[in-house]
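Here is the structure we will look at, set down as structure tokens.
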Amino acid sequence: MELHGALVASPGMGHFVPILELGKHLLNHHGFDRITVFLVTDDDVPRSKSLLGKTLTEADPKFVIRFIPLNVSGQDLSGSLLTKLAEMMRMALPEIRSAVMGLEPQPGVFVVDLLGTEALAVAKELQIMRKHVLVTTSAWFLAFTVYMASLDKMTLYKHLSSTGALPIPGCSPVKFDRVQDPSKYIRELAESQRIGAEVITADGVFVNTWHNLEPVTIGSFLAPENLGSVMRGVPVHPVGPLVRRAEPGVKHRVLDWLDLQPKESVVYVSFGSGGALTAEQTNELAYGLELTGHRFVWVVRPPAEDDPSASMFDKTKNETETMEFLPNGFLNRTKDIGLVVQTWAPQEEILAHESIGGFVTHCGWNSVLESIVNGVPMVAWPLYSEQKMNAWMVSEELKIASRVNAADGIVKKEEIVEMVKKVMDQEEGKDMRKNAKELKKTAEEALNKTHIPFAYFIQN
Ligand code: UDP
């Protein structure tokens with residue numbers, strides 16, 4: 001029997017990258033004969049294609065990638081990022097159904113990411129044997145999502161209003177507001193509870209993590225008295241790190257510039273595929289970078305005033321040609337030590353370059369993992385989604401990052417200088433670098449493992 005896997009990703013590079021990597025793993029290491037990946041996207045297939053670059057040009061008849069473009073114009077997508085993406089996945093359901101139905105041979109395994117759990121019901125209806133969810137972020141976020149969904153209303157609201165630590169079974173206790181924005185969480189509560197409840201209707205859950213990165217949380221999922229019972233026995237498989245690796249190809253000018261810089265001397269600054277700062281914050285960051293005196297590569301986006309994730313959807317902003325929003329004379333003053341790149345840069349290649357010494361990041365999970373697999377310590381600067389949890393984890397638990405505070409809602413230039421210097425110059429930074437390099441070794445070991453035996457996929 002030919003084993004065919006159908007994989008579906010919600011919009012955004014942060015979801016495309018890990019699902020494509022998972023597809024490659026299943027094909028190359030888990031005995032699959034064929035993989036078809038569906039990438040749901042907001043009507044901008046050419047842009048997605050150009051960002052995915054080489055991944056799409058590798059011709060392999062057993063690994064097929066198809067886009068499901070959505071026309072979102074005229075739709076009310078006014079909520080938080082999670083609400084918007086979940087709504088888009090809902091809109092895509094009929095397309096997903098007919099695309100999967102048309103596959104030959106019929107897939108025996110179905111995987112969808114956490115934002116598309118409603119498609120599990122479609123897979124059930126199509127009688128696909130094994131249905132899975134891929135969590136493109138941490139095991140801790142999965143723990144949080146399923147635990148909150150398992151609570152009755154009274155207990156849930158008690159937790160939300162409590163100033164004490166959140167008692168997720170078997171997980172390190174942390175106060176809710178340290179890792180979530182309470183008002184935002186309340187706004188997306190219904191969607192988040194639905195997702196948490198749907199996850200446990202899958203036959204199994206894959207998480208983009210590995211044992212040494214999250215030993216406590218993964219241990220709790222394995223324990224029937226802890227998260228094992230919240231999952232109602234649905235197995236959780238750490239399958240990470242699912243990261244793109246630097247591949248030879250056309251060399252970007254940033255890499256030529258990096259070749260000329262000393263080892264571990266450059267700070268790389270990027271807020272992911274959609275993160276944008278306000279005009280005031282962009283100014284503070286520019287002055288802060290200049291004041292550190294360190295070499296830097298900054299992937300800069302035009303400012304967005306209200307919603308830091310706005311440029312994920314507003315492509316017109318990304319196409320702006322000028323950089324007039326940067327402080328007067330900044331580019332000229334920093335031209336010998338800094339390189340400013342608009343909107344997009346080849347991040348995996350940059351982080352793998354030996355001249356990179358630190359990464360100022362919004363803590364999207366893919367960025368965090370890409371930093372770890374290259375042993376690069378971070379300045380954690382969360383903006384939206386679950387990034388506050390990720391920032392907490394890398395700074396407080398893994399001790400591979402300094403974390404900005406943004407006490408007045410803005411990260412001042414003095415704080416930026418302090419955080420960057422901590423990572424690049426101080427004893428604390430040396431320890432972070434050492435810890436990051438140790439984690440890198442464990443990531444390599446995890447990468448070389450076959451996580452799930454073939455028999456698992458063909459069980460009834
Ligand atoms: N990325 C990139 N170049 C950029 C910005 C982002 O290659 O200029 C890639 C990055 O390497 C990562 C993904 O896009 O693989 C972003 O995922 P992440 O989870 O870090 O953040 P998100 O964009 O989902 O907020």
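The values are calculated or read from the model by the stated rules, or taken from the named source; none is laboratory data. In this text the structure is predicted, and so the values were computed from the model without any measurement. Quick reminder, even Gly has a Cβ in these numbers, built from the backbone with ideal geometry, and neighbours come from all protein chains shown.
Consider residue 135 carefully, then state whether it is within 16 Å of the ligand (Cβ to nearest atom) and either surrounded by fewer than 16 Cβ atoms within 10 Å (Cβ to Cβ) or modelled with pLDDT of 95 or more (or both). Here the answer is yes, as residue 135 does meet what is asked. Within the range 67-79, is even one residue in the same structural domain as residue 195 (by the TED database), in contact with a Pro (Cβ under 9 Å, 6 or more places away or on another chain) and within 16 Å of the ligand (Cβ to nearest atom)? For the range 67-79, residues in the same structural domain as residue 195 (by the TED database), in contact with a Pro (Cβ under 9 Å, 6 or more places away or on another chain) and within 16 Å of the ligand (Cβ to nearest atom): absent.
From the list 382, 377, which one is under 22 Å from residue 337 (Cα atoms) and surrounded by 24 or more Cβ atoms within 10 Å (Cβ to Cβ)?
After applying the criteria, what remains is 377.
Looking only at residues that are more than 22 Å from residue 444 (Cα to Cα) and touching a helix residue (DSSP H, G or I) at 6+ places or on another chain (Cβ under 6 Å) in the range 385-400, which one is farthest from the ligand (Cβ to nearest atom)? Going through the qualifying residues, I end up with 392. Beta carbons closer than 8 Å, at least 6 apart along the sequence or on distinct chains, pair a first residue in the range 260-274 that is on the phi > 0 side of the Ramachandran plot with a second that is of a type in the set (Ser, Thr, Tyr) for 264/355; 272/361; 272/367. Just to be sure before I move on: is residue 393 outside any strand (DSSP E or B) and without any contact (Cβ under 8 Å) to a residue 60 or more places away in the chain in the structure I sent? No; evaluated as a whole, the condition is false for this residue.
In the range 294-318, the qualifying residues are those that are away from the ligand (no atom under 16 Å from the Cβ) and not in a helix (DSSP H, G or I), and the one that is modelled with the lowest pLDDT is 306. I'd like to check something: does the range 286-293 contain any residue that is of a type outside the set (Lys, Arg), within 16 Å of the ligand (Cβ to nearest atom) and either buried (at least 17 other Cβ atoms within 10 Å of the Cβ) or more than 21 Å from residue 12 (Cα to Cα) (or both)? The answer is no; no qualifying residue exists.
With respect to (1) assigned by the TED database to the domain that holds residue 51; (2) surrounded by 15 or more Cβ atoms within 10 Å (Cβ to Cβ); (3) in a helix (DSSP H, G or I), the lone exception for residue 240 is condition (3).
Set side by side, the residues 87, 104, 21 differ, and just one is closer than 24 Å to residue 249 by Cα and either under 17 Å from the mean Cα position of the chain (by Cα) or away from the ligand (no atom under 15 Å from the Cβ) (or both), which is 21. The residues of the range 21-55 that are free of Cβ contacts under 8 Å to residues at least 60 places away in the same chain, in a helix (DSSP H, G or I) and farther than 13 Å from residue 273 by Cβ, listed by number, are 23, 24, 27, 28, 45, 46, 49. Here residue 348 fulfils each of the conditions (1) surrounded by fewer than 22 Cβ atoms within 10 Å (Cβ to Cβ); (2) more than 16 Å from the chain's Cα centre (by Cα); (3) assigned by the TED database to the domain that holds residue 309 apart from (2). Residue-level check: of (1) polar (S, T, N, Q); (2) assigned to a loop (DSSP other than H, G, I, E, B); (3) within 21 Å of the chain's Cα centre (by Cα), residue 192 misses just (2). How many residues, within the range 110-132, are more than 16 Å from the ligand (Cβ to nearest atom), of a type in the set (Gly, Ala, Ser) and within 22 Å of the chain's Cα centre (by Cα)? So the answer is 1. If you go through the range 329-370 and keep only what is assigned to a helix (DSSP H, G or I) and within 15 Å of residue 292 (Cβ to Cβ), you end up with 330, 333. Comparison of 222, 227 shows that the only residue that is touching a residue at least 60 places away in the same chain (Cβ under 8 Å) and touching a helix residue (DSSP H, G or I) at 6+ places or on another chain (Cβ under 7 Å) is 227. Identify, please: which residue in the range 371-390 is among the hydrophobic types (A, V, I, L, M, F, W, C) and part of a loop (DSSP other than H, G, I, E, B) and is, among those, nearest to residue 182 (Cα to Cα)? Ranking the qualifying residues of the range 371-390, first place goes to 383.
I'm trying to understand the selection: among the residues of the range 104-162, which are farther than 26 Å from residue 40 by Cα and not in a helix (DSSP H, G or I)? Once the filter is applied, which keeps residues that are farther than 26 Å from residue 40 by Cα and not in a helix (DSSP H, G or I), the range 104-162 yields 151, 152, 162. Could you grab me the full set of residues in the range 244-260 that are at pLDDT 95 or above and either under 24 Å from the mean Cα position of the chain (by Cα) or closer than 27 Å to residue 383 by Cβ (or both)? Correct list: 254, 255, 257, 258.
Residue-level check: of (1) free of Cβ contacts under 8 Å to residues at least 24 places away in the same chain; (2) in a helix (DSSP H, G or I), residue 407 misses just (2). Residue count for the range 353-372 under the criterion of being aliphatic (A, V, I, L, M) and within 11 Å of the ligand (Cβ to nearest atom): the result is 2. Just so you know, in the range 255-281 the residues that are part of a helix (DSSP H, G or I) and touching a His at 6+ places or on another chain (Cβ under 7 Å) include one that is farthest from the ligand (Cβ to nearest atom), and it is 258.
Taking the listed residues 172, 161, 150, the one that is buried (at least 19 other Cβ atoms within 10 Å of the Cβ) and of a type in the set (Ser, Thr, Tyr) is 150, with no other qualifying.
For the range 190-204, what are the residues that are under 15 Å from residue 160 (Cβ atoms) and touching a residue at least 40 places away in the same chain (Cβ under 8 Å)? Scanning the range 190-204 gives 192, 193, 196.
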